[in-house]
Amino acid sequence: MLSDLLKQDPSLAIRKPTVEDGPSIYDLVKSSKPLDVNSRYLYLLQCSHFAKTCAVAESDGSVQAFISAYVLPDQPETLFVWQLAVDKLLRGQGIAGKLISHLLQRPHLAKTRFIEATVNPSNNASRNLFKSLALKHNCEINESMLFEAKLFDVDAHEAEILLRVGPIQS
Ligand SMILES: CC(C)(COP(=O)(O)OP(=O)(O)OC[C@H]1O[C@@H](n2cnc3c(N)ncnc32)[C@H](O)[C@@H]1OP(=O)(O)O)[C@@H](O)C(=O)NCCC(=O)NCCS
């Protein structure tokens, strides 16, 4: 899928992150509520140890979107999307969908059959993103409770509902 943005701005490129992207990723996540902001160190680990399952979209050398993910240790066919953020000005143009498709096209992820992610109950954009992914791949999307709100021990944190999309055909 070629987004409107790509038509307007062919310089948008999706690639593996490097440690130099760490600070920009931190800033992007910080401005992408309701995402939890992790430590700068955590993003450096994702840009190094987990780079093969993470990606950034950049334009003119600056990071506009980021996806972090990992293969579940006991389920090699399941890719868990940890965080996904698109710059506010660029949302609604298919960039998040393209980041997920990009990861699925990496040869070492070819055996992925399920995508999992958690969403807050009030996050319609995120929920629609994964519904759209299920539609695109003509597969089911199942929901279950992963972490109840009380586990976060802070008033403002919503529950994290697990979405499981699949089975995805290669
Ligand atoms: C969620 C987020 C990553 C989506 O990025 P995006 O690039 O705008 O998403 P896309 O353009 O690829 O849209 C994917 C689908 O979601 C739908 N969608 C996107 N934003 C939406 C919104 N605000 N409300 C309702 N639906 C929305 C789109 O219509 C599209 O569905 P379609 O394919 O049927 O048209 C982005 O809104 C964001 O960064 N939000 C803040 C951080 C966050 O909530 N991250 C998700 C954690 S899992």
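The values are calculated or read from the model by the stated rules, or taken from the named source; none is laboratory data. Nothing here was measured: the structure is a model prediction, and the numbers come from that model. Neighbour counts run over all protein chains shown; Cβ positions are idealised from the backbone, glycine included.
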All positions within the stretch 132-161 that are more than 7 Å from the ligand (Cβ to nearest atom), surrounded by 14 or more Cβ atoms within 10 Å (Cβ to Cβ) and assigned to a helix (DSSP H, G or I) | L133, A134, K136, A149, F152
Contacts under 6 angstrom Cβ, first residue in the stretch 74-92 being in contact (Cβ under 8 Å) with a residue 60 or more places away in the chain, partner of a type in the set (S, T, N, Q) and in a strand (DSSP E or B), 6 or more apart = L90/Q64
Some residue of the stretch 107-120 being out of contact with any helix residue (DSSP H, G or I) (no Cβ under 6 Å at 6 or more places or on another chain), closer than 19 Å to V29 by Cα and acidic (D, E) = no
Within the stretch 71-90, can one find any residue that is surrounded by 12 or more Cβ atoms within 10 Å (Cβ to Cβ) and not in a strand (DSSP E or B)?
-> yes
For the stretch 111-131, the count of residues that are of a type in the set (D, E, K, R), surrounded by fewer than 16 Cβ atoms within 10 Å (Cβ to Cβ) and either part of a helix (DSSP H, G or I) or near the ligand (Cβ under 10 Å from one of its atoms) (or both) equals 1
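For the stretch 16-34, give me the residue count where each residue is in contact with a strand residue (DSSP E or B) (Cβ under 7 Å, 6 or more places away or on another chain) and buried (at least 18 other Cβ atoms within 10 Å of the Cβ).
Pass one, the stretch 16-34, residues in contact with a strand residue (DSSP E or B) (Cβ under 7 Å, 6 or more places away or on another chain): 16-17, 21, 24-25, 28-29, 32.
In the following step, the residues that additionally are buried (at least 18 other Cβ atoms within 10 Å of the Cβ) were identified as 17, 21, 24-25, 28-29, 32.
Residues flagged as in contact with a strand residue (DSSP E or B) (Cβ under 7 Å, 6 or more places away or on another chain) and buried (at least 18 other Cβ atoms within 10 Å of the Cβ) within the stretch 16-34 amount to 7.
So, H108, is that one touching a strand residue (DSSP E or B) at 6+ places or on another chain (Cβ under 8 Å) and either within 17 Å of A55 (Cβ to Cβ) or loosely packed, with under 14 Cβ neighbours inside 10 Å (or both) or not?
Numbers: touching a strand residue (DSSP E or B) at 6+ places or on another chain (Cβ under 8 Å): no; either within 17 Å of A55 (Cβ to Cβ) or loosely packed, with under 14 Cβ neighbours inside 10 Å (or both): yes.
For H108, the condition - touching a strand residue (DSSP E or B) at 6+ places or on another chain (Cβ under 8 Å) and either within 17 Å of A55 (Cβ to Cβ) or loosely packed, with under 14 Cβ neighbours inside 10 Å (or both) - is not met.
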Considering only the stretch 29-60, how many residues are in a loop (DSSP other than H, G, I, E, B) and either within 16 Å of the ligand (Cβ to nearest atom) or closer than 17 Å to K16 by Cβ (or both)?
-> 11
When every residue in the stretch 91-105 that is touching a helix residue (DSSP H, G or I) at 6+ places or on another chain (Cβ under 8 Å) and assigned to a loop (DSSP other than H, G, I, E, B) is compared, the one surrounded by the fewest Cβ atoms within 10 Å (Cβ to Cβ) is R91
Here are V56, V37, V81: which of them is of a type in the set (V, I, T), farther than 21 Å from S132 by Cα and at pLDDT 95 or above?
-> V37
Looking at the stretch 95-106, is at least one residue more than 15 Å from the ligand (Cβ to nearest atom) and modelled with pLDDT under 95?
-> no
